[in-house]
Amino acid sequence: MKLNSLIRTRFAPSPTGFLHIGSLRTALYTYLFAKQSGGQFILRLEDTDLERLVEGAAEAIYNGLKWAGLNYDEGPDVGGPFGPYVQSKRLDLYKKYANELIKNGNAYYCFCSDETLEQMRQEQIAKKQAPKYDRRCLKLRDEEVKQKLTANEPRVIRMKIPEKRIIEFTDIVRGKVAYNTNELDDQVLLKSDGYPTYHLAVVVDDHLMQISHVTRTEEWLPSTPKHILLYEYFGWEAPAWAHLPLLLNPDKTKMSKRKGDVMVGDYIKKGYLPEAMINFLAFLGWNPGLPAEALAKAGTEKEIYSMQELLKDFSLEKVHKAGAIFNIEKLNWYNQYYMRQIPLDKLTELCIPYLIENDLIVPKFDHSFDIAAMKGPFTVKDFETCLTKEKISFDYIKKAVALEQERSKTLSEIGESVKFFFEEPQYDKSLLFWKDTSEEEIKKSLQTLQKIISDITEKKFKKENLQEIIMPEAEKLSDRGIMLWPLRAALSGQKASPGPFEIAEVLGKEKTFERISFAIKKLD
Ligand code: GLU
């Protein structure tokens, strides 16, 4: 471990898919660990697996990290003193270091074709042996190797793994870990196309970029002894290791696309807030583990943590070894909590893209935007001047959003639930009926409401006033639901919605009257 030096961590995703939610958790822990001690957090793209590259994935990684507030000090799009931060732009370096290993006898050329390797594998399986490269190319004489190289035969470079050695290291999360080198394969380091494999590139880059701590998921644990050997071969000091637990589905399988959303973009699109996501992810594999005394005082374990608080309290040592279960209910709980905390103006701004997407409001200017990619206009300033279908003001949108703030779990949910404030609700007349009340009675209620409403001035069209005037009328009936239910149903067209007086205030006198009339017509 590099002592007394600056902590430098890196997040090193492969742009082979959009940013995975588990990767964002890795990035968060990596960021927190560096930043809590004034260190640096670096982004590096590991794009050496050409066949698996996905267009737009790099952008999604940049956007996702920025959305979450995990700002990196160095990276492909921000530069830095150890660049380039994209592996495909560092190929010469990897070649140079692979050749160095050959020169020192720590690696060798392998000329075996894919067919030969497959045959070897099948034979080993048939003999019930663990498939492993049988090192036949290591036995080639120097002359033969030279000849093949001169003939430019396709080849890879493999690392030479020593026999019967125990590689032991202390992982910050997992404690003492040991591997017997006999379990390791002579890993390919440089492929026939001149590209490095992950193993060579990661070691060269972590060293050259002066990474002090490697934080990654436990899938990479079995690779670590190979990496440690490479550090040894190069004569470099190895970083400290922390292998993080995986994120699991509730059925304890590895989180995958087939079981639900796994991409950060999906969650941005659905309207989860970065504060909620960060707080939620922080607890997927870690908790503050308060000492018993502090816990007794606090009553329960504190669950709400801002980024600032996480920076203070997070510790890699307290990260759990066991996989962490991704529980969407908990994420919804966090999101609802944070949505309730947001000032209304801000929340309204955040909801506007969802209203545009649902075609409820139309911006005046030509624009293109993509919620998941975080592109496009998002501020009040941008939208204040935007026209809605009926020239609805920001203030109107704000009032509609206010009624849904407490009830909604995500921004997109608000985008759905405020629909009836922007377009005539469509519903079946059966929605207007309260319990077993007759059609006649409902109609009479609505007609009474029509009359009451036409007598209230626009200025007095406030929920308190409406309540004061309408409630006594409703109480006169055998059941006040006979008046309140059809009113609410007529205004919202929904089975569940905020209360009728609140909705009426937002809609205003004219629209309220129109909707009641529309309901009466349905009953005619
Ligand atoms: N490129 C690897 C991945 O996407 C990174 C592993 C590491 O951090 O060393 O998982």
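Placing one equal scatterer on every Cα of the range 1-61 and applying the Debye formula, the log10 ratio I(q)/I(0) at q = 0.12, 0.29 Å⁻¹ is -0.35, -1.16. Counting only heavy atoms of the protein chains and using a 1.4 Å probe, Lys191 has close to 60 Å² of accessible surface. Relative contact order of the range 135-214, taken over Cα pairs closer than 8 Å and 6 or more residues apart, is 25 percent.
The angle between the Cα long axis of helix 224-234 and the main principal axis of the chain comes to about 50°, on a 0 to 90 degree scale. Every helix of 4 or more DSSP H residues in the chain counts as -39500 (n - 2.57), and over all residues that averages to -13500 deg cm²/dmol at 222 nm.
The listed residues Lys398, Lys139, Lys297, once ranked by accessible area (1.4 Å probe) with the largest placed first, stand as Lys297, Lys139, Lys398.
Considering only beta bridges that DSSP places wholly inside the chain, some 55 percent are antiparallel.
The order of Val145, Val401 by accessible area, most exposed first and with a 1.4 Å probe, is Val145, Val401. From largest to smallest, the equivalent ellipsoid semi-axes obtained for the range 262-310 from the alpha-carbon gyration tensor read 28, 10, 8 Å. Estimated at the nearest 10 Å², the accessible area of Met307 is 40 Å² with a 1.4 Å probe. Taking Cα atoms only, the orientation of helix 344-357 departs from the longest principal axis of the chain by about 80 degrees.
Residues of the range 96-134 with an amide N closer than 12 Å to a point placed 7 Å from the Cα of Thr150 along the Cα-to-Cβ direction: none.
Sequence gap at least 6, Cα distance under 8 Å: using those rules, report the relative contact order of the chain to the nearest whole percent. Provide the component values of the computation, followed by the final result.
On the way: 761 pairs, mean separation 65.2, N = 524.
That works out to 12 percent.
Packing, taken as the mean count of other beta carbons within 10 Å per residue, orders the peptides 121-131, 67-77 from highest to lowest as 67-77, 121-131. Spin-label model, Gln129/Gln494: points 7 Å from Cα along the beta carbon direction are separated by 6.8 nm.
Here the range 1-151 exposes an accessible surface that is 49 percent carbon and sulfur, computed with a 1.4 Å probe and the other protein chains kept in place. Rounded if a/c is under 1.5, else prolate if a/b beats b/c, else oblate: with a ≥ b ≥ c from the C-alpha gyration tensor eigenvalues square-rooted, which is the range 62-126? Note, shape of the range 62-126 comes out oblate. What's the angle, to the nearest 10 degrees (0 to 90), between helix 91-103's Cα axis and the longest principal axis of the chain? Helix 91-103 sits roughly 30 degrees off the main axis of the chain.
Each part gets one Cα centre, and for the range 307-330 versus the range 457-500 those centres are 47 Å apart. Among the listed pairs Lys419/Lys462; Lys312/Lys409; Lys297/Lys318; Lys495/Lys522; Lys176/Lys318; Lys443/Lys495, those with a Cα-Cα distance over 24 Å are Lys312/Lys409.
Surface analysis of the range 228-295 yields an accessible area of 41 Å² per residue, using protein heavy atoms and a 1.4 Å probe. Answer rounded, prolate or oblate for the range 162-248, using the Cα gyration tensor with square roots of eigenvalues a ≥ b ≥ c: rounded when a/c is under 1.5, else prolate when a/b is larger than b/c, else oblate. Since a/c stays below 1.5, the shape of the range 162-248 is classed as rounded.
Normalised radius of gyration for the range 142-298, please: alpha carbon Rg relative to 2.2 N^0.38 Å, two decimal places.
This ratio for the range 142-298 stands at 1.42.
Debye-formula intensities of the chain, expressed as log10 I(q)/I(0) at q = 0.06, 0.08, 0.09 Å⁻¹, are -0.45, -0.68, -0.79 (one equal scatterer per alpha-carbon, no solvent).
The values are calculated or read from the model by the stated rules, or taken from the named source; none is laboratory data. If you're wondering where the values come from, they're calculated on a predicted model, not measured in any experiment. Cβ sites come from the backbone with ideal geometry, for glycine too, and all protein chains shown count toward neighbours. Just the protein is used for accessible areas: all its heavy atoms, side chains included, with ligands, DNA and RNA removed. Shrake-Rupley method; radii C 1.70, N 1.55, O 1.52, S 1.80 Å.
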